[in-house]
Ligand SMILES: Nc1ncnc2c1ncn2[C@@H]1O[C@H](COP(=O)(O)OP(=O)(O)O)[C@@H](O)[C@H]1O
Ligand SMILES: [Mg+2]
(Lines give C-alpha, C1' and ligand atoms only; values in the text may rest on other atoms or scores of the structure.)
(Ligands and ions follow the chains in the order given, each with its own letter.)
Protein backbone atom coordinates (compact mmCIF):
# COMPACT_ATOMS: atom_id res chain seq x y z
CA UNK A 1 0.00 0.00 0.00
CA UNK A 2 1.10 3.57 -0.78
CA UNK A 3 2.72 5.72 1.90
CA UNK A 4 0.79 8.85 1.09
CA UNK A 5 -2.68 9.16 -0.40
CA UNK A 6 -4.10 11.81 -2.67
CA UNK A 7 -7.65 12.52 -1.63
CA UNK A 8 -10.28 14.65 -3.35
CA UNK A 9 -12.81 16.01 -0.88
CA UNK A 10 -16.03 17.14 -2.53
CA UNK A 11 -17.37 19.40 0.18
CA UNK A 12 -18.57 23.00 0.42
CA UNK A 13 -18.44 23.39 4.19
CA UNK A 14 -14.92 24.27 5.27
CA UNK A 15 -15.55 23.07 8.81
CA UNK A 16 -16.47 19.58 7.55
CA UNK A 17 -13.30 19.45 5.44
CA UNK A 18 -11.26 20.26 8.51
CA UNK A 19 -13.03 17.57 10.51
CA UNK A 20 -12.31 14.97 7.83
CA UNK A 21 -8.65 15.98 7.61
CA UNK A 22 -8.37 15.98 11.38
CA UNK A 23 -9.73 12.44 11.50
CA UNK A 24 -7.27 11.28 8.83
CA UNK A 25 -4.31 12.81 10.66
CA UNK A 26 -5.49 11.43 13.97
CA UNK A 27 -5.39 7.95 12.50
CA UNK A 28 -1.89 8.57 11.18
CA UNK A 29 -2.83 8.70 7.50
CA UNK A 30 -0.43 10.66 5.35
CA UNK A 31 -2.25 12.45 2.60
CA UNK A 32 -2.50 15.39 0.27
CA UNK A 33 -6.01 16.62 -0.20
CA UNK A 34 -7.81 18.77 -2.72
CA UNK A 35 -11.12 20.30 -1.82
CA UNK A 36 -13.59 20.89 -4.65
CA UNK A 37 -17.11 22.23 -4.72
CA UNK A 38 -18.15 22.46 -8.34
CA UNK A 39 -18.31 20.01 -11.24
CA UNK A 40 -15.60 21.70 -13.28
CA UNK A 41 -13.06 21.55 -10.45
CA UNK A 42 -14.07 17.99 -9.65
CA UNK A 43 -13.38 16.82 -13.24
CA UNK A 44 -10.12 18.80 -13.34
CA UNK A 45 -9.14 17.20 -10.05
CA UNK A 46 -9.80 13.69 -11.38
CA UNK A 47 -7.70 14.31 -14.47
CA UNK A 48 -4.85 16.36 -13.03
CA UNK A 49 -4.65 15.63 -9.32
CA UNK A 50 -5.29 11.92 -9.94
CA UNK A 51 -6.70 10.94 -6.55
CA UNK A 52 -6.37 7.62 -4.77
CA UNK A 53 -9.69 8.15 -3.01
CA UNK A 54 -12.71 10.38 -3.48
CA UNK A 55 -14.67 11.52 -0.43
CA UNK A 56 -17.93 13.17 -1.43
CA UNK A 57 -20.72 14.96 0.31
CA UNK A 58 -24.23 14.17 -0.84
CA UNK A 59 -25.50 17.65 -1.60
CA UNK A 60 -23.69 20.85 -2.38
CA UNK A 61 -25.05 24.23 -3.49
CA UNK A 62 -23.90 23.89 -7.13
CA UNK A 63 -23.17 20.20 -7.52
CA UNK A 64 -24.13 16.87 -5.96
CA UNK A 65 -22.55 13.61 -4.89
CA UNK A 66 -24.68 11.42 -7.19
CA UNK A 67 -23.55 13.27 -10.33
CA UNK A 68 -19.98 13.23 -9.02
CA UNK A 69 -20.21 9.45 -8.63
CA UNK A 70 -21.42 9.05 -12.22
CA UNK A 71 -18.59 11.24 -13.53
CA UNK A 72 -15.96 9.46 -11.42
CA UNK A 73 -17.13 6.04 -12.63
CA UNK A 74 -16.61 7.22 -16.18
CA UNK A 75 -13.25 8.94 -15.78
CA UNK A 76 -11.55 6.95 -13.00
CA UNK A 77 -13.65 3.81 -12.45
CA UNK A 78 -11.00 2.12 -10.33
CA UNK A 79 -10.73 4.97 -7.75
CA UNK A 80 -12.72 4.29 -4.54
CA UNK A 81 -15.63 6.67 -4.04
CA UNK A 82 -16.85 7.09 -0.48
CA UNK A 83 -19.88 9.16 0.48
CA UNK A 84 -19.26 11.25 3.59
CA UNK A 85 -22.59 12.77 4.38
CA UNK A 86 -24.95 13.64 7.09
CA UNK A 87 -28.20 12.93 5.33
CA UNK A 88 -28.18 9.72 3.46
CA UNK A 89 -30.80 7.17 4.33
CA UNK A 90 -30.22 3.41 4.09
CA UNK A 91 -32.17 3.06 0.85
CA UNK A 92 -30.18 5.81 -0.81
CA UNK A 93 -26.92 4.34 0.44
CA UNK A 94 -27.75 0.92 -1.03
CA UNK A 95 -28.71 2.58 -4.28
CA UNK A 96 -25.36 4.38 -4.42
CA UNK A 97 -23.45 1.20 -3.68
CA UNK A 98 -25.26 -0.37 -6.60
CA UNK A 99 -24.20 2.53 -8.79
CA UNK A 100 -20.56 1.93 -7.92
CA UNK A 101 -19.90 3.82 -4.68
CA UNK A 102 -17.40 1.96 -2.55
CA UNK A 103 -18.78 2.87 0.87
CA UNK A 104 -20.54 5.54 2.87
CA UNK A 105 -19.70 7.15 6.21
CA UNK A 106 -21.86 9.48 8.30
CA UNK A 107 -20.38 12.81 9.26
CA UNK A 108 -21.39 12.25 12.86
CA UNK A 109 -19.45 8.99 12.95
CA UNK A 110 -16.16 9.88 11.30
CA UNK A 111 -14.20 7.23 13.22
CA UNK A 112 -15.45 4.88 10.50
CA UNK A 113 -13.78 6.97 7.80
CA UNK A 114 -10.20 5.67 7.92
CA UNK A 115 -11.18 1.98 8.12
CA UNK A 116 -13.46 2.59 5.14
CA UNK A 117 -10.63 4.25 3.18
CA UNK A 118 -8.12 1.52 4.00
CA UNK A 119 -10.58 -1.21 3.11
CA UNK A 120 -11.38 0.49 -0.19
CA UNK A 121 -7.71 0.96 -1.07
CA UNK A 122 -6.92 -2.67 -0.25
CA UNK A 123 -9.81 -3.85 -2.40
CA UNK A 124 -8.71 -1.61 -5.24
CA UNK A 125 -5.14 -2.91 -5.01
CA UNK A 126 -6.34 -6.50 -5.01
CA UNK A 127 -8.54 -5.79 -7.98
CA UNK A 128 -5.68 -4.11 -9.85
CA UNK A 129 -3.46 -7.08 -9.06
CA UNK A 130 -6.16 -9.47 -10.24
CA UNK A 131 -6.54 -7.51 -13.47
CA UNK A 132 -2.78 -7.49 -13.98
CA UNK A 133 -2.57 -11.24 -13.41
CA UNK A 134 -5.45 -11.75 -15.82
CA UNK A 135 -3.70 -9.71 -18.49
CA UNK A 136 -0.43 -11.54 -17.88
CA UNK A 137 -2.26 -14.85 -18.14
CA UNK A 138 -3.90 -13.80 -21.37
CA UNK A 139 -0.54 -12.78 -22.83
CA UNK A 140 1.00 -16.08 -21.72
CA UNK A 141 -1.89 -17.96 -23.29
CA UNK A 142 -1.50 -16.05 -26.55
CA UNK A 143 2.23 -16.79 -26.56
CA UNK A 144 1.53 -20.48 -25.95
CA UNK A 145 -0.95 -20.55 -28.81
CA UNK A 146 1.52 -18.82 -31.10
CA UNK A 147 4.16 -21.35 -30.16
CA UNK A 148 1.80 -24.24 -30.71
CA UNK A 149 0.85 -22.84 -34.10
CA UNK A 150 4.49 -22.43 -34.96
CA UNK A 151 5.22 -26.03 -33.94
CA UNK A 152 2.36 -27.42 -36.03
CA UNK A 153 3.58 -25.30 -38.90
CA UNK A 154 7.13 -26.53 -38.59
CA UNK A 155 6.14 -30.16 -38.17
CA UNK A 156 3.97 -29.83 -41.26
CA UNK A 157 6.82 -28.25 -43.23
CA UNK A 158 9.25 -30.96 -42.12
CA UNK A 159 6.83 -33.70 -43.11
CA UNK A 160 6.36 -32.07 -46.50
CA UNK A 161 10.12 -31.88 -46.82
CA UNK A 162 10.43 -35.61 -46.04
CA UNK A 163 7.72 -36.29 -48.59
CA UNK A 164 9.60 -34.23 -51.20
CA UNK A 165 12.86 -36.02 -50.40
CA UNK A 166 11.16 -39.38 -50.88
CA UNK A 167 9.73 -38.13 -54.14
CA UNK A 168 13.16 -36.97 -55.34
CA UNK A 169 14.81 -40.19 -54.31
CA UNK A 170 12.11 -42.30 -55.93
CA UNK A 171 13.30 -41.02 -59.33
CA UNK A 172 16.46 -43.08 -58.88
CA UNK A 173 14.54 -46.27 -58.26
CA UNK A 174 14.21 -48.72 -61.14
CA UNK A 175 12.21 -51.43 -59.41
CA UNK A 176 8.48 -50.80 -59.53
CA UNK A 177 7.74 -52.39 -56.17
CA UNK A 178 10.42 -50.32 -54.47
CA UNK A 179 9.12 -47.25 -56.24
CA UNK A 180 5.67 -47.90 -54.82
CA UNK A 181 7.05 -48.32 -51.32
CA UNK A 182 8.48 -44.84 -51.63
CA UNK A 183 5.23 -43.51 -52.94
CA UNK A 184 3.30 -44.96 -50.00
CA UNK A 185 5.72 -43.57 -47.45
CA UNK A 186 5.38 -40.22 -49.16
CA UNK A 187 1.60 -40.42 -48.80
CA UNK A 188 1.90 -41.33 -45.13
CA UNK A 189 4.02 -38.23 -44.52
CA UNK A 190 1.53 -36.13 -46.51
CA UNK A 191 -1.46 -37.43 -44.57
CA UNK A 192 0.22 -36.41 -41.31
CA UNK A 193 1.31 -33.06 -42.73
CA UNK A 194 -2.31 -32.37 -43.61
CA UNK A 195 -3.36 -33.01 -40.01
CA UNK A 196 -0.77 -30.56 -38.68
CA UNK A 197 -1.86 -28.02 -41.27
CA UNK A 198 -5.45 -28.40 -40.07
CA UNK A 199 -4.33 -27.93 -36.46
CA UNK A 200 -2.56 -24.65 -37.00
CA UNK A 201 -5.52 -23.42 -39.00
CA UNK A 202 -8.01 -24.44 -36.31
CA UNK A 203 -9.37 -21.78 -34.02
CA UNK A 204 -8.72 -23.55 -30.73
CA UNK A 205 -5.53 -25.43 -31.81
CA UNK A 206 -6.85 -28.38 -29.86
CA UNK A 207 -9.12 -30.13 -32.30
CA UNK A 208 -9.77 -30.45 -36.01
CA UNK A 209 -12.82 -31.22 -38.05
CA UNK A 210 -12.07 -34.80 -38.95
CA UNK A 211 -14.94 -35.06 -41.43
CA UNK A 212 -13.40 -32.23 -43.39
CA UNK A 213 -9.98 -33.84 -43.16
CA UNK A 214 -11.37 -37.12 -44.54
CA UNK A 215 -12.78 -35.35 -47.62
CA UNK A 216 -9.49 -33.58 -48.37
CA UNK A 217 -7.28 -36.61 -47.78
CA UNK A 218 -9.53 -38.93 -49.80
CA UNK A 219 -9.66 -36.50 -52.74
CA UNK A 220 -5.87 -35.99 -52.60
CA UNK A 221 -5.25 -39.74 -52.60
CA UNK A 222 -7.66 -40.43 -55.42
CA UNK A 223 -5.93 -37.73 -57.45
CA UNK A 224 -2.53 -39.23 -56.64
CA UNK A 225 -3.45 -42.77 -57.57
CA UNK A 226 -5.90 -42.30 -60.34
CA UNK A 227 -4.78 -40.63 -63.49
CA UNK A 228 -8.21 -39.54 -64.73
CA UNK A 229 -10.07 -38.66 -61.57
CA UNK A 230 -13.44 -39.51 -63.08
CA UNK A 231 -12.55 -43.19 -62.99
CA UNK A 232 -13.39 -43.68 -59.37
CA UNK A 233 -16.49 -42.50 -57.62
CA UNK A 234 -15.49 -41.28 -54.24
CA UNK A 235 -18.43 -41.12 -51.88
CA UNK A 236 -18.07 -39.55 -48.48
CA UNK A 237 -20.71 -39.69 -45.80
CA UNK A 238 -18.96 -38.01 -42.92
CA UNK A 239 -19.98 -36.07 -39.85
CA UNK A 240 -18.09 -32.92 -38.95
CA UNK A 241 -16.64 -34.32 -35.77
CA UNK A 242 -13.90 -32.51 -33.88
CA UNK A 243 -11.02 -34.75 -32.84
CA UNK A 244 -7.92 -33.99 -30.81
CA UNK A 245 -4.42 -34.62 -32.10
CA UNK A 246 -3.98 -37.90 -30.22
CA UNK A 247 -6.92 -39.39 -32.05
CA UNK A 248 -6.61 -37.53 -35.35
CA UNK A 249 -3.03 -38.59 -36.16
CA UNK A 250 -3.52 -42.36 -35.72
CA UNK A 251 -6.93 -42.28 -37.36
CA UNK A 252 -5.52 -40.27 -40.28
CA UNK A 253 -2.87 -42.93 -40.79
CA UNK A 254 -5.43 -45.75 -40.71
CA UNK A 255 -7.59 -43.88 -43.21
CA UNK A 256 -4.58 -43.35 -45.44
CA UNK A 257 -3.75 -47.09 -45.44
CA UNK A 258 -7.32 -48.23 -46.08
CA UNK A 259 -7.89 -45.75 -48.89
CA UNK A 260 -4.54 -46.56 -50.46
CA UNK A 261 -5.40 -50.24 -50.43
CA UNK A 262 -8.77 -49.72 -52.06
CA UNK A 263 -7.14 -47.54 -54.70
CA UNK A 264 -4.33 -50.01 -55.28
CA UNK A 265 -6.07 -53.36 -55.14
CA UNK A 266 -9.83 -53.11 -55.47
CA UNK A 267 -10.09 -52.21 -59.12
CA UNK A 268 -7.49 -53.91 -61.25
CA UNK A 269 -7.59 -52.93 -64.90
CA UNK A 270 -9.04 -55.85 -66.76
CA UNK A 271 -8.22 -55.00 -70.34
CA UNK A 272 -5.00 -54.02 -72.06
CA UNK A 273 -3.02 -51.08 -70.94
CA UNK A 274 0.53 -49.91 -71.44
CA UNK A 275 2.90 -49.55 -68.53
CA UNK A 276 5.53 -46.90 -68.47
CA UNK A 277 8.28 -49.32 -67.61
CA UNK A 278 7.59 -51.21 -70.82
CA UNK A 279 5.92 -54.21 -69.19
CA UNK A 280 3.64 -55.83 -71.71
CA UNK A 281 0.05 -55.01 -70.96
CA UNK A 282 -1.36 -58.45 -71.50
CA UNK A 283 0.94 -60.04 -68.96
CA UNK A 284 -0.06 -57.34 -66.49
CA UNK A 285 -3.78 -57.79 -66.79
CA UNK A 286 -4.30 -57.92 -63.03
CA UNK A 287 -1.18 -56.15 -62.01
CA UNK A 288 -1.97 -52.98 -63.87
CA UNK A 289 -3.45 -51.20 -60.91
CA UNK A 290 -4.31 -47.58 -60.38
CA UNK A 291 -0.95 -46.86 -58.92
CA UNK A 292 0.45 -47.80 -62.30
CA UNK A 293 -1.98 -45.56 -64.10
CA UNK A 294 -0.26 -42.46 -62.85
CA UNK A 295 2.63 -43.30 -65.07
CA UNK A 296 0.51 -44.12 -68.04
CA UNK A 297 -0.55 -41.46 -70.48
CA UNK A 298 -4.24 -40.79 -69.98
CA UNK A 299 -5.35 -42.31 -73.23
CA UNK A 300 -8.99 -43.13 -73.67
CA UNK A 301 -8.12 -46.83 -73.98
CA UNK A 302 -6.93 -46.87 -70.43
CA UNK A 303 -9.86 -44.93 -69.09
CA UNK A 304 -12.34 -47.20 -70.77
CA UNK A 305 -10.65 -50.28 -69.44
CA UNK A 306 -11.46 -49.36 -65.86
CA UNK A 307 -14.66 -50.45 -64.17
CA UNK A 308 -16.99 -47.48 -64.61
CA UNK A 309 -18.88 -48.31 -61.43
CA UNK A 310 -15.77 -48.31 -59.30
CA UNK A 311 -16.75 -46.81 -55.98
CA UNK A 312 -14.94 -46.08 -52.76
CA UNK A 313 -17.05 -44.97 -49.82
CA UNK A 314 -15.85 -43.41 -46.62
CA UNK A 315 -18.28 -43.16 -43.72
CA UNK A 316 -17.50 -41.46 -40.43
CA UNK A 317 -20.05 -41.13 -37.65
CA UNK A 318 -20.40 -40.91 -33.94
CA UNK A 319 -22.80 -43.45 -32.53
CA UNK A 320 -23.46 -42.86 -28.82
CA UNK A 321 -19.95 -42.62 -27.33
CA UNK A 322 -18.21 -44.45 -30.16
CA UNK A 323 -16.80 -43.32 -33.46
CA UNK A 324 -17.13 -45.43 -36.55
CA UNK A 325 -14.86 -45.14 -39.57
CA UNK A 326 -15.78 -47.26 -42.57
CA UNK A 327 -13.78 -47.48 -45.76
CA UNK A 328 -15.38 -49.71 -48.35
CA UNK A 329 -15.05 -50.39 -52.03
CA UNK A 330 -17.06 -52.44 -54.49
CA UNK A 331 -13.94 -53.97 -55.97
CA UNK A 332 -12.62 -57.50 -56.37
CA UNK A 333 -12.73 -58.19 -52.66
CA UNK A 334 -10.14 -58.91 -50.02
CA UNK A 335 -8.22 -62.13 -50.81
CA UNK A 336 -10.07 -65.06 -49.28
CA UNK A 337 -6.89 -66.84 -48.28
CA UNK A 338 -5.48 -63.82 -46.43
CA UNK A 339 -5.95 -63.21 -42.71
CA UNK A 340 -6.06 -59.43 -42.39
CA UNK A 341 -4.65 -59.70 -38.86
CA UNK A 342 -1.54 -61.53 -40.08
CA UNK A 343 -0.73 -60.38 -43.57
CA UNK A 344 2.95 -59.84 -42.93
CA UNK A 345 2.65 -56.62 -44.93
CA UNK A 346 3.20 -53.11 -43.65
CA UNK A 347 -0.17 -51.51 -44.44
CA UNK A 348 -2.40 -53.88 -42.52
CA UNK A 349 0.25 -54.32 -39.84
CA UNK A 350 0.06 -50.55 -39.30
CA UNK A 351 -3.74 -50.58 -39.29
CA UNK A 352 -3.81 -53.40 -36.72
CA UNK A 353 -1.24 -51.79 -34.46
CA UNK A 354 -2.68 -48.29 -34.56
CA UNK A 355 -6.23 -49.53 -34.00
CA UNK A 356 -4.98 -51.37 -30.93
CA UNK A 357 -3.22 -48.18 -29.82
CA UNK A 358 -6.49 -46.24 -29.88
CA UNK A 359 -8.36 -49.17 -28.24
CA UNK A 360 -10.35 -49.73 -31.39
CA UNK A 361 -11.85 -52.74 -33.08
CA UNK A 362 -11.41 -53.74 -36.72
CA UNK A 363 -14.08 -55.58 -38.62
CA UNK A 364 -13.79 -56.82 -42.18
CA UNK A 365 -16.83 -57.49 -44.33
CA UNK A 366 -16.24 -59.05 -47.71
CA UNK A 367 -19.84 -59.71 -48.69
CA UNK A 368 -19.60 -56.98 -51.35
CA UNK A 369 -16.12 -55.81 -52.27
CA UNK A 370 -14.07 -54.94 -49.20
CA UNK A 371 -15.33 -53.09 -46.15
CA UNK A 372 -13.16 -52.25 -43.20
CA UNK A 373 -14.88 -50.82 -40.13
CA UNK A 374 -12.88 -49.28 -37.29
CA UNK A 375 -14.79 -48.59 -34.08
CA UNK A 376 -13.15 -46.64 -31.26
CA UNK A 377 -13.71 -44.17 -28.46
CA UNK A 378 -11.98 -40.81 -28.34
CA UNK A 379 -8.90 -41.03 -26.17
CA UNK A 380 -9.17 -39.42 -22.76
CA UNK A 381 -6.26 -37.09 -22.25
N1 LIG B 1 -9.47 -53.06 -50.65
C2 LIG B 1 -8.79 -54.15 -50.99
N3 LIG B 1 -9.19 -54.91 -52.05
C4 LIG B 1 -8.51 -55.99 -52.39
N5 LIG B 1 -7.42 -56.44 -51.77
C6 LIG B 1 -6.97 -55.75 -50.73
C7 LIG B 1 -7.63 -54.58 -50.28
N8 LIG B 1 -6.97 -54.11 -49.21
C9 LIG B 1 -5.94 -54.94 -49.01
N10 LIG B 1 -5.92 -55.92 -49.91
C11 LIG B 1 -4.97 -57.04 -49.97
O12 LIG B 1 -4.27 -57.05 -48.74
C13 LIG B 1 -2.87 -57.08 -48.98
C14 LIG B 1 -2.12 -56.43 -47.85
O15 LIG B 1 -2.30 -55.05 -47.83
P16 LIG B 1 -1.28 -54.12 -47.10
O17 LIG B 1 -0.99 -54.73 -45.76
O18 LIG B 1 -1.78 -52.75 -47.09
O19 LIG B 1 0.04 -54.24 -47.90
P20 LIG B 1 0.45 -53.59 -49.28
O21 LIG B 1 -0.50 -52.50 -49.58
O22 LIG B 1 1.81 -53.12 -49.06
O23 LIG B 1 0.35 -54.72 -50.25
C24 LIG B 1 -2.71 -56.43 -50.31
O25 LIG B 1 -1.52 -56.84 -50.93
C26 LIG B 1 -3.95 -56.86 -51.05
O27 LIG B 1 -3.75 -58.12 -51.64
MG1 LIG C 1 -1.30 -51.09 -48.30
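Observations
- Region 326-355: number of residues that are touching a strand residue (DSSP E or B) at 6+ places or on another chain (Cβ under 9 Å) and exposed (fewer than 12 other Cβ atoms within 10 Å of the Cβ): 1
- Under the condition of being outside any loop (DSSP other than H, G, I, E, B), in contact with a helix residue (DSSP H, G or I) (Cβ under 9 Å, 6 or more places away or on another chain) and farther than 9 Å from residue 11 by Cα, the residues counted in region 35-58 number 7.
- Verdict on residue 304 being modelled with pLDDT under 50, closer than 25 Å to residue 218 by Cβ, outside any loop (DSSP other than H, G, I, E, B) and within 16 Å of ligand 2 (Cβ to nearest atom): no
- The single condition among (1) free of Cβ contacts under 8 Å to residues at least 24 places away in the same chain; (2) not in a helix (DSSP H, G or I) that residue 234 does not meet is (1).
- Considering region 336-352, the residues that are more than 9 Å from ligand 2 (Cβ to nearest atom) and not in a loop (DSSP other than H, G, I, E, B) include one that is farthest from residue 185 (Cα to Cα), namely 352.
- Criterion: touching a strand residue (DSSP E or B) at 6+ places or on another chain (Cβ under 6 Å) and in contact (Cβ under 8 Å) with a residue 60 or more places away in the chain - qualifying residue of 57, 125, 52: 52
The values are calculated or read from the model by the stated rules, or taken from the named source; none is laboratory data. Everything numeric here is computed off the predicted structure, so don't read it as measured data. All Cβ positions, glycine included, derive from the backbone under ideal geometry; neighbour counts span all protein chains shown.
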